[in-house]
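The values are calculated or read from the model by the stated rules, or taken from the named source; none is laboratory data. From a predicted model like this one, the values you see are computed outputs, not experimental measurements. Glycine also receives a Cβ, built like all others from the backbone with ideal geometry; neighbour counts cover every protein chain displayed.
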Amino acid sequence: MCADISVNLEMSAFPKDSTSPQFYRSLFRQIILSRFHGYMTTFTDGSQNEGAIGAAHTSVLGEECFRLHPWTSVFTAELYAIQRALSQILSITLEGPVVIFSDSMSSIKGIQSGLNPHPVVGLLLQPKYMDTIINFLTMSRLIDRL
């Protein structure tokens with residue numbers, strides 16, 4: 001099963017080592033205005049710092065931050081942040097489409113392919129999530145350069 005999500009990879013076409021942060025910021029703004037104007041925006045992230053693993057998401061609905069078990073992978077943290085963001089989005093009546101900004105290409109591809117055996121990917125492939133219009137824009141190039 002392949003998840004029916006739209007993934008925008010425009011920013012990944014420019015190598016980090018030869019692209020300025022200003023260019024990434026400009027491209028990001030251009031993409032938002034031209035393709036996602038009027039969308040509710042949600043940002044997600046999972047990370048590891050000094051042995052601690054965390055996940056977070058933020059939107060106009062609010063933000064949530066979670067400390068996860070120290071043996072949790074960053075991949076799992078990224079997926080968990082996406083899952084929690086979607087749960088929050090589904091808890092309200094949407095008045096328009098949603099775009100999720102993530103810097104985790106592996107998480108997005110895992111969800112999109114539908115073939116990843118990770119339990120959080122399986123959770124995200126449930127109809128209650130996939131029936132929601134989901135758009136992803138990977139921001140890895142932007143985040144790494146800011």
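Data overview
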| item | result |
| --- | --- |
| Single condition Leu142 does not satisfy, out of (1) modelled with pLDDT of 80 or more; (2) part of a helix (DSSP H, G or I) | (1) |
| Options Glu64, Glu50, Glu10: the member that is within 17 Å of Val99 (Cβ to Cβ) and among the acidic types (Asp, Glu) | Glu10 |
| The range 1-59: number of residues that are closer than 21 Å to Tyr129 by Cα and of a type in the set (Ser, Thr, Tyr) | 7 |
| Residue among Leu79, Leu90, Leu86 that alone is surrounded by fewer than 19 Cβ atoms within 10 Å (Cβ to Cβ) and of a type in the set (A, V, I, L, M) | Leu90 |
| Hey, Gly62 modelled with pLDDT of 90 or more, touching a strand residue (DSSP E or B) at 6+ places or on another chain (Cβ under 9 Å) and closer than 20 Å to Ile89 by Cα or not | no |
| Candidates Phe136, Phe101, filtered to the one that is surrounded by 14 or more Cβ atoms within 10 Å (Cβ to Cβ) and at pLDDT 85 or above | Phe101 |
| Residue list for the range 28-59, restricted to those being modelled with pLDDT under 90, of a type in the set (Gly, Ala, Ser) and closer than 30 Å to Ser73 by Cα | Gly51 |
